[in-house]
1. Counting only residues that are surrounded by fewer than 20 Cβ atoms within 10 Å (Cβ to Cβ), in contact with a helix residue (DSSP H, G or I) (Cβ under 7 Å, 6 or more places away or on another chain) and at pLDDT 95 or above, how many does region 56-89 have?
2. Looking at 4, 29 in this structure, which one is assigned to a helix (DSSP H, G or I) and either on the phi > 0 side of the Ramachandran plot or at pLDDT 95 or above (or both)?
3. Scan region 99-111 for residues that are touching a residue at least 24 places away in the same chain (Cβ under 8 Å) and in a loop (DSSP other than H, G, I, E, B) and report the count.
4. (1) more than 17 Å from residue 111 (Cα to Cα); (2) at pLDDT 55 or above: which one isn't true of residue 23, the others all being true?
5. Among what's in region 90-114 and is buried (at least 19 other Cβ atoms within 10 Å of the Cβ) and out of contact with any strand residue (DSSP E or B) (no Cβ under 7 Å at 6 or more places or on another chain), pick the residue that is farthest from residue 48 (Cα to Cα).
6. Residues in region 76-98: is at least one part of a loop (DSSP other than H, G, I, E, B), under 10 Å from the mean Cα position of the chain (by Cα) and within 28 Å of residue 41 (Cα to Cα)?
7. Please tell me if residue 117 is in a helix (DSSP H, G or I), surrounded by fewer than 16 Cβ atoms within 10 Å (Cβ to Cβ), free of Cβ contacts under 8 Å to residues at least 40 places away in the same chain and out of contact with any helix residue (DSSP H, G or I) (no Cβ under 7 Å at 6 or more places or on another chain).
8. Free of Cβ contacts under 8 Å to residues at least 60 places away in the same chain and assigned to a helix (DSSP H, G or I) - does that describe any residue in region 63-72?
């Protein structure tokens, strides 16, 4: 069965193919996160920001506790949430030890119940002196 025919069958059955629903790389995921985050406002936006801060704060503590950090380069972690708000997939830009640890830390953690699924959110981290 050709890919076009399979896509047509899935579309008429109301099912999206995995390629149509999941970004393949960081750039696509970040674009979706920017759009999804911009689409929420009011109390939902406030809840999303508070949840992101809480997850980031806990992740930084878990990843740096007892381990002095020397690489303070900026990084971004994009997260795809499920209907319950758990992080199901991640993408990362940046390769510092903290970035790698935080990407691992957020997997399967709850963030917030999104207004729709899939929903993408990003943690963008930069350090200033």
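The values are calculated or read from the model by the stated rules, or taken from the named source; none is laboratory data. Only a predicted model underlies this, so the values are computations on that prediction, with no experimental measurement involved. Cβ placement follows ideal geometry from the backbone for every residue including glycine, while neighbour counts extend to all protein chains displayed.
1. 1
2. Details: 4 fails: either on the phi > 0 side of the Ramachandran plot or at pLDDT 95 or above (or both).
One residue alone meets the criteria, 29.
3. Taking region 99-111 and keeping what is touching a residue at least 24 places away in the same chain (Cβ under 8 Å), we get 99, 101-103, 105-106, 109-111.
Checking which are in a loop (DSSP other than H, G, I, E, B) leaves us with 109, 111.
Qualifying residue count for the region: 2.
4. Failed condition: (2).
5. Looking at residues that are buried (at least 19 other Cβ atoms within 10 Å of the Cβ) and out of contact with any strand residue (DSSP E or B) (no Cβ under 7 Å at 6 or more places or on another chain), I get 98.
6. Within region 76-98, the first condition is being part of a loop (DSSP other than H, G, I, E, B), and the residues that meet it are 82-85, 94-96.
Retained after the next criterion (residues that are under 10 Å from the mean Cα position of the chain (by Cα)): none.
Among the residues of region 76-98, not one is part of a loop (DSSP other than H, G, I, E, B), under 10 Å from the mean Cα position of the chain (by Cα) and within 28 Å of residue 41 (Cα to Cα), which makes the answer no.
7. Working: in a helix (DSSP H, G or I): no; surrounded by fewer than 16 Cβ atoms within 10 Å (Cβ to Cβ): yes; free of Cβ contacts under 8 Å to residues at least 40 places away in the same chain: yes; out of contact with any helix residue (DSSP H, G or I) (no Cβ under 7 Å at 6 or more places or on another chain): yes.
Taking the combined requirement at face value, the residue does not satisfy it.
8. Just the residues of region 63-72 that are free of Cβ contacts under 8 Å to residues at least 60 places away in the same chain, to begin with: 63-72.
Next cut, assigned to a helix (DSSP H, G or I) only: 63-64.
Within region 63-72, one or more residues are free of Cβ contacts under 8 Å to residues at least 60 places away in the same chain and assigned to a helix (DSSP H, G or I).
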